[in-house]
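Colleague: Submitted below is the structure of interest, expressed as structure tokens.
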Amino acid sequence: MPLKYQEKQFFEWGKQYGDVIYLKLFRTPTIVLNSLQAATDVLTKRSAKHSDRPRMVLLAELMNQACSLPAMPYGERFRKHRRWMHEAVGTKERLDAYRSIQQREVRNLLKNLLSSPERFIQHCHLYVAAIMLEIAYGKRVNSLDNQLVAVADRAISGINEAGTPGAMIVDFFPSLKSVPTWLPGAGFKARALTVGKYVQAWKDTGYDIVKAAMDRGDPMPCATSTLLEDVGAAPTPEEAEDIKGLACSVYGAGIETTRGALIVFMLAMTRNPDVLRKAQEEIDSVVGHDRLPDFSDRGSLPYLDAMLEELYRWNPPLPLAIPHRSMAEDEYCGYTIPEGCLVMPNIWAITRDTVAYPDPEEFRPERFLHNAGKGGTDTDNIPRPSSYVFGFGRRICPGQALADPTLWLAMAQTIAAFDIRRPLDAEGNEVMPPAAFKSGFTSEPEHFECRIVPRSERFAKIIAQTVF
Ligand code: HEM
């Protein structure tokens, strides 16, 4: 099995062996589900049996992430964190309340794109970070140098760098966790323990800021303060750890995925000027030229919605989701799924189903236009990627209802205000950036360049004059 782009190898094996593949990762029985049907049958319809997570020694035990939801085993604590996540980012009331944060931060995004378009990746990062951190800790963040962003991002990049496939062998041989760090080959452990300290610093920094503000009688409305109010003035160490974990779930699980999708959007627009033009025409005809599109326009912008679906499909942010673990033996299509089996939905393979999505490498929002009269085909039977790129069953992403409007608003306003053009070579010719994506647990484009220029003087003026 290759160490990179495993989803592609599983997809190839799927062509050879079928939608349900069994393999052994070292000694661990593993099932890969290569079709939407199989993933839904096993992980959603039988979620009572397949909703645990494997023991994540590297991430949870060495890197201090046991308190955050993605790594948590199924059980009481898991149910409590799911409930907390839902209350924090899943209710209509909370999501409506976050709109003003998203609207403010998207203006900051546009302003930054106007003043330093070449730094678009950092600006996308700040946009998502600011929203997630304000929800988690109630603090407005307006620069990547902010203490909260810096401490959280140091931990997250540490997790990415130290979480190489080689280091993850410890997940399959947990006894390796006890090897002394000075032994040859045990460098992974030393690195993981350092990252664990960064993670602890991240957990403590945000929590301490909120707690101190509450102790001063100056509470900041946010997910952390809501939970602190519930437990009272003196939380036990366990309660404190749980509350810190919730904020980590919001930022940790939300930043890479949502930021990655936004950067993929920039790449898709750079590569597909026709798609960008169609979306601009739709927005111009509905919204006009005097203002930028807002949430209230969403129902009138079907092409933009189709584009978001295509964005999820073209490069799903978590190509193999997060592995589930079976809690009891099961049978599917005549095969036995043993208890303790790893079950991986191959989301990437589902997006490459050529029956549902002909020419899957093409970025073509028309696939999802449900009205042939609007230039697409009648695609009512095509699965919408938003129904599966967020995972399955009891482990389905609890942040979908937050990620979706966050992405939509950034896309809508960027498209309305800017052209996104291909970079130029030394002779002034446009250069097409490749559709190349990094391998890893989360997927985002390899480095690429684009030229982001305001569509009109009028929009440039409106954006430049925005005051925060
Ligand atoms: C485009 C953006 C996003 C995508 C594509 C995405 C996708 C996913 C996927 C595939 C999973 C694994 C589901 C499974 O195991 O079946 C997941 C889990 C999770 N996501 Fe997201 N996610 C996104 C944004 C967010 C945001 C914004 C948040 C938080 C505010 C979030 C919080 C979580 C958490 C806490 C889990 C773990 C759930 C559990 O283990 O029970 N995600 N996400």
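Colleague: For segment 154-190, enumerate the residues that are closer than 18 Å to Ile255 by Cα and surrounded by fewer than 18 Cβ atoms within 10 Å (Cβ to Cβ).
Modeller: Arg154, Ser157, Asn160, Glu161
Colleague: Further, regarding this structure: Quick one: count up the residues across segment 55-93 that are crowded, with 22+ Cβ neighbours inside 10 Å, over 20 Å from Ala403 (Cα atoms) and at pLDDT 95 or above.
Modeller: Summing the residues that are crowded, with 22+ Cβ neighbours inside 10 Å, over 20 Å from Ala403 (Cα atoms) and at pLDDT 95 or above in segment 55-93 gives 1.
Colleague: State which residue is farthest from the ligand (Cβ to nearest atom) when the search covers only segment 61-90 and only residues that are over 18 Å from the mean Cα position of the chain (by Cα) and charged (D, E, K, R).
Modeller: Glu61
Colleague: Against the definition (outside any loop (DSSP other than H, G, I, E, B), of a type in the set (Gly, Ala, Ser) and out of contact with any Gly (no Cβ under 9 Å at 6 or more places or on another chain)), how does Ala410 come out, yes or no?
Modeller: On the way: outside any loop (DSSP other than H, G, I, E, B): yes; of a type in the set (Gly, Ala, Ser): yes; out of contact with any Gly (no Cβ under 9 Å at 6 or more places or on another chain): yes.
In short, yes.
Colleague: While we're on this one: Would you say Leu424 is more than 12 Å from the ligand (Cβ to nearest atom), under 23 Å from Ala253 (Cβ atoms) and over 14 Å from the mean Cα position of the chain (by Cα)?
Modeller: Values: more than 12 Å from the ligand (Cβ to nearest atom): yes; under 23 Å from Ala253 (Cβ atoms): no; over 14 Å from the mean Cα position of the chain (by Cα): yes.
Against the criterion (more than 12 Å from the ligand (Cβ to nearest atom), under 23 Å from Ala253 (Cβ atoms) and over 14 Å from the mean Cα position of the chain (by Cα)), Leu424 does not qualify.
Colleague: Of the residues Val264, Val275, Val250, Val286, only one is more than 19 Å from Phe368 (Cα to Cα) and either away from the ligand (no atom under 16 Å from the Cβ) or touching a strand residue (DSSP E or B) at 6+ places or on another chain (Cβ under 8 Å) (or both); which?
Modeller: On the way: Val264 fails: more than 19 Å from Phe368 (Cα to Cα); Val275 fails: more than 19 Å from Phe368 (Cα to Cα); Val250 fails: either away from the ligand (no atom under 16 Å from the Cβ) or touching a strand residue (DSSP E or B) at 6+ places or on another chain (Cβ under 8 Å) (or both).
Sole residue among the options that is more than 19 Å from Phe368 (Cα to Cα) and either away from the ligand (no atom under 16 Å from the Cβ) or touching a strand residue (DSSP E or B) at 6+ places or on another chain (Cβ under 8 Å) (or both): Val286.
Colleague: Before we move on, is Ile135 under 25 Å from Ala223 (Cα atoms), within 22 Å of the chain's Cα centre (by Cα) and β-branched (Val, Ile, Thr)?
Modeller: On the way: under 25 Å from Ala223 (Cα atoms): yes; within 22 Å of the chain's Cα centre (by Cα): yes; β-branched (Val, Ile, Thr): yes.
In short, yes.
Colleague: Moving on to the next point. Could you list, ordered by first residue, the pairs with Cβ atoms under 7 Å in which the first is in segment 129-141 and at pLDDT 95 or above and the second is within 13 Å of the ligand (Cβ to nearest atom) and hydroxyl-bearing (Ser, Thr, Tyr), at least 6 apart or interchain?
Modeller: Listed by first residue and then by second, the contacts come to Ile131/Thr406; Met132/Tyr251; Leu133/Tyr251; Ile135/Tyr98; Ala136/Tyr251.
Colleague: Let me ask another. Do we have Pro319 as in contact (Cβ under 8 Å) with a residue 24 or more places away in the chain, within 12 Å of the ligand (Cβ to nearest atom) and outside any helix (DSSP H, G or I) here?
Modeller: Criteria met by Pro319.
Colleague: Still on this model: Select from segment 335-359 the residues that are in contact (Cβ under 8 Å) with a residue 24 or more places away in the chain and assigned to a loop (DSSP other than H, G, I, E, B) and list them in ascending order.
Modeller: Scanning segment 335-359 gives Pro338, Gly340, Cys341, Asn346, Arg352, Asp353, Ala356, Tyr357.
Colleague: Would you say Val389 is in contact with a His (Cβ under 7 Å, 6 or more places away or on another chain), among the aliphatic types (A, V, I, L, M) and within 16 Å of the ligand (Cβ to nearest atom)?
Modeller: So Val389 fails the test.
Yes/no matrix, rows are residues, columns are (1) in a helix (DSSP H, G or I); (2) over 30 Å from Ser439 (Cα atoms):
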{"residue": "Gly260", "(1), (2)": "yes, no"}
{"residue": "Ile263", "(1), (2)": "yes, no"}
{"residue": "Asp274", "(1), (2)": "yes, no"}
{"residue": "Lys278", "(1), (2)": "yes, yes"}
{"residue": "Glu282", "(1), (2)": "yes, yes"}
{"residue": "Arg291", "(1), (2)": "no, yes"}
{"residue": "Ser296", "(1), (2)": "yes, yes"}
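Colleague: Go through the residues of segment 397-413 one by one and say whether even a single one is surrounded by fewer than 18 Cβ atoms within 10 Å (Cβ to Cβ), out of contact with any His (no Cβ under 9 Å at 6 or more places or on another chain) and hydroxyl-bearing (Ser, Thr, Tyr).
Modeller: For segment 397-413, residues surrounded by fewer than 18 Cβ atoms within 10 Å (Cβ to Cβ), out of contact with any His (no Cβ under 9 Å at 6 or more places or on another chain) and hydroxyl-bearing (Ser, Thr, Tyr): absent.
Colleague: Right, something else. Residues of segment 74-102 being in contact (Cβ under 8 Å) with a residue 60 or more places away in the chain and not basic (Lys, Arg), which ones? First the steps, then the outcome.
Modeller: Restricting attention to segment 74-102, the residues satisfying the condition of being in contact (Cβ under 8 Å) with a residue 60 or more places away in the chain are 74, 77, 80-82, 84-90, 95, 98-99, 102.
Within segment 74-102, Tyr74, His81, Trp84, Met85, His86, Glu87, Ala88, Val89, Gly90, Leu95, Tyr98, Gln102 qualify.
Colleague: Residue by residue through segment 326-340, note down the ones that are crowded, with 19+ Cβ neighbours inside 10 Å and either on the phi > 0 side of the Ramachandran plot or at pLDDT below 95 (or both). Before you say what the answer is, go through the steps one by one.
Modeller: Here is the first cut: in segment 326-340, the ones crowded, with 19+ Cβ neighbours inside 10 Å are 326, 330, 337.
Once the filter is applied, which keeps residues that are crowded, with 19+ Cβ neighbours inside 10 Å and either on the phi > 0 side of the Ramachandran plot or at pLDDT below 95 (or both), segment 326-340 yields nothing.
Colleague: Given the conditions (1) touching a Ser or Thr at 6+ places or on another chain (Cβ under 6 Å); (2) exposed (fewer than 14 other Cβ atoms within 10 Å of the Cβ), which single one is not true for Pro219?
Modeller: It is condition (2) that Pro219 fails.
The values are calculated or read from the model by the stated rules, or taken from the named source; none is laboratory data. Quantities reported herein were computed from a predicted structural model and do not represent experimental measurements. Here the Cβ is made from the backbone with ideal geometry for all residues, glycine too, and neighbour counts use every protein chain on show.
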